[in-house]
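Notes for the one structure printed next.
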Amino acid sequence: MYDVIIIGSGPAGYTAAIYTARAYLKTLLIAGPQFGGQLTKTTTIDNFPGFSKGIMGPTLMEEMKQQAVRFGTEVVMDEIKTITKTSPFTVTGSKGYQGKTIIIATGAQAKTLGIASEEQFRGKGISYCATCDGFFFKGKTIAVFGGGDTAMEEATFLTKFASKIIIVHRREEFRASKIMIEKAKNDPKISFLLSKTVKEFYGNTVLRGVKFEDGTDLPLDGAFIAIGHTPATAFLKDTLTLDEKGYVKVTNTVTSVPGIFAAGDCVDSRYRQAVVAAGMGCMAAMDAEKWLEGKK
Amino acid sequence: MADIKITDSTFGKTVLNSDKPVLVDFWAVWCGPCQMQGPIVEEVAKEMDGKAVVGKVNVDESPGLAGKYGVMSIPTLIIFKGGQPVKQFVGVQSKESLISALTVVI
């Protein structure tokens, strides 16, 4: 029986673990399919305080993990499917884990277009991580789907590898900030294709192109999907109160179930920053500690 | 050492001609998720020592191998048996899922 089970291995999860383990609470951190969270998909992080020269996302996450482990946090990898509704809780993935309190720090994951052909070509030309997979598209023609900052940033990053990049967006205007749009527009390798909705991807063993709803067709070697993020909370819908977009509803970090707390991008649709997630992880740890004391 | 670095020149001997199943981790130093996968693969190598072979292909150093097996996203993990790929994973995998996939083909 753990005092605290933390679900999630991003800045919120590890910060919560550092605080609870350091307070001598028996702590288990369960890392999901994206070990280390969204920052493991980035390169240099320049806005996390304390690193005047910037730090690589994966390095920062490994440091946070080591810091949590140093105080006695146990770390396992599992994908949690269910959580019971009263303390002591049982959380179940490939096996069951018992904890007096739970901190949900599952973050958010890249949105998919949600069409069958997208899943078919995942890892065969369709990617959700430019820093991971750009390398495989040296001298190729690729498209980046999306209209926000992430799409612009990924397209700009991919100019290092691809010979031609088309930013495909389903609207006429972009959500991205002006500076990011300008940077993309000024790049000779980047062009734009607007008001296009994807019908399906096609290919043989690998992706060959995309068909749009208007009947047009774009041959491609690769497609990077950058259409935003969605909170990783689907497994919680029978346990906790979520808002209409799927974010966990909290007061500070207290959820609708006593003994379950939540922190980071799974509750925060507004800021979505590593440093904010870390701060909320600390809050959740202190709230869990206080709740446990009240139970004694 | 149970964990083996595989290159273009050792792939045939280590993977294709192995009498045991082989788990190959395609990775690169600049891939963040690969840094998370690495220690997990090393644990799998330790636990499966004697029963399966575990190796790592650096796609920067061996782009030909990545190309040959259609690796377009990393980490990609492929299980080979009798020289043939029998199972492929894209994205970071847990120790349990890799061990259970290897156990099936032993």
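Just a few scattered comments:
- If you go through the stretch A:216-275 and pick out every residue that is β-branched (V, I, T) and assigned to a loop (DSSP other than H, G, I, E, B), you end up with 10.
- Note on the stretch B:2-41: residues that are assigned to a helix (DSSP H, G or I), away from chain A (no Cβ under 14 Å) and either open to solvent by 10 Å² or more (accessible area, probe 1.4 Å) or β-branched (V, I, T) (or both) amount to 5.
- Enumeration of residues in the stretch A:11-50 that are open to solvent by 10 Å² or more (accessible area, probe 1.4 Å), over 22 Å from A:K95 (Cβ atoms) and at pLDDT 95 or above: A:P11, A:T15, A:I18, A:Y19, A:R22, A:A23, A:Y24, A:P49, A:G50
Per-residue answers, yes or no, for (1) within 13 Å of the chain's Cα centre (by Cα); (2) closer than 24 Å to A:T59 by Cβ; (3) not aliphatic (A, V, I, L, M):
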| site | (1), (2), (3) |
| --- | --- |
| B:L16 | yes, no, no |
| B:S73 | no, yes, yes |
| B:L77 | yes, yes, no |
| B:L102 | yes, no, no |
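- Hits in the stretch B:77-98 (condition: more than 9 Å from every other protein chain (Cβ to nearest Cβ), open to solvent by 30 Å² or more (accessible area, probe 1.4 Å) and among the aliphatic types (A, V, I, L, M)): B:V86
- The stretch A:93-128, residues that are without any contact (Cβ under 8 Å) to a residue 60 or more places away in the chain, within 28 Å of A:T15 (Cβ to Cβ) and not basic (K, R): A:S94, A:G96
- Residue check: A:I80 meets all listed conditions (1) out of contact with any Lys or Arg (no Cβ under 7 Å at 6 or more places or on another chain); (2) without any contact (Cβ under 8 Å) to a residue 60 or more places away in the chain; (3) within 14 Å of chain B (Cβ to nearest Cβ); (4) on the phi < 0 side of the Ramachandran plot but one, namely (2).
- Considered as a group, the residues in the stretch A:104-133 that are of a type in the set (V, I, T) and at pLDDT 90 or above include one that is farthest from A:L236 (Cα to Cα), and that residue is A:I126.
- Helices (runs of 4 or more DSSP H) within the stretch A:123-206 that include 1 or more residues open to solvent by 10 Å² or more (accessible area, probe 1.4 Å) and within 14 Å of chain B (Cβ to nearest Cβ): A:130-133, A:149-158
- Filtering the stretch B:74-102 to residues that are touching a residue at least 24 places away in the same chain (Cβ under 8 Å) and not hydrophobic (A, V, I, L, M, F, W, C) leaves B:P75, B:T76, B:K81, B:G83, B:G91, B:Q93, B:S94, B:K95.
- Scope the stretch A:58-113; condition part of a strand (DSSP E or B), surrounded by 17 or more Cβ atoms within 10 Å (Cβ to Cβ) and hydroxyl-bearing (S, T, Y); matching residues: A:Y97, A:T101
The values are calculated or read from the model by the stated rules, or taken from the named source; none is laboratory data. Keep in mind the model is a prediction, meaning the values are calculated, not measured. Quick reminder, even Gly has a Cβ in these numbers, built from the backbone with ideal geometry, and neighbours come from all protein chains shown. Accessible surface areas use protein heavy atoms only, side chains included; no ligands, DNA or RNA. Shrake-Rupley method; radii C 1.70, N 1.55, O 1.52, S 1.80 Å.
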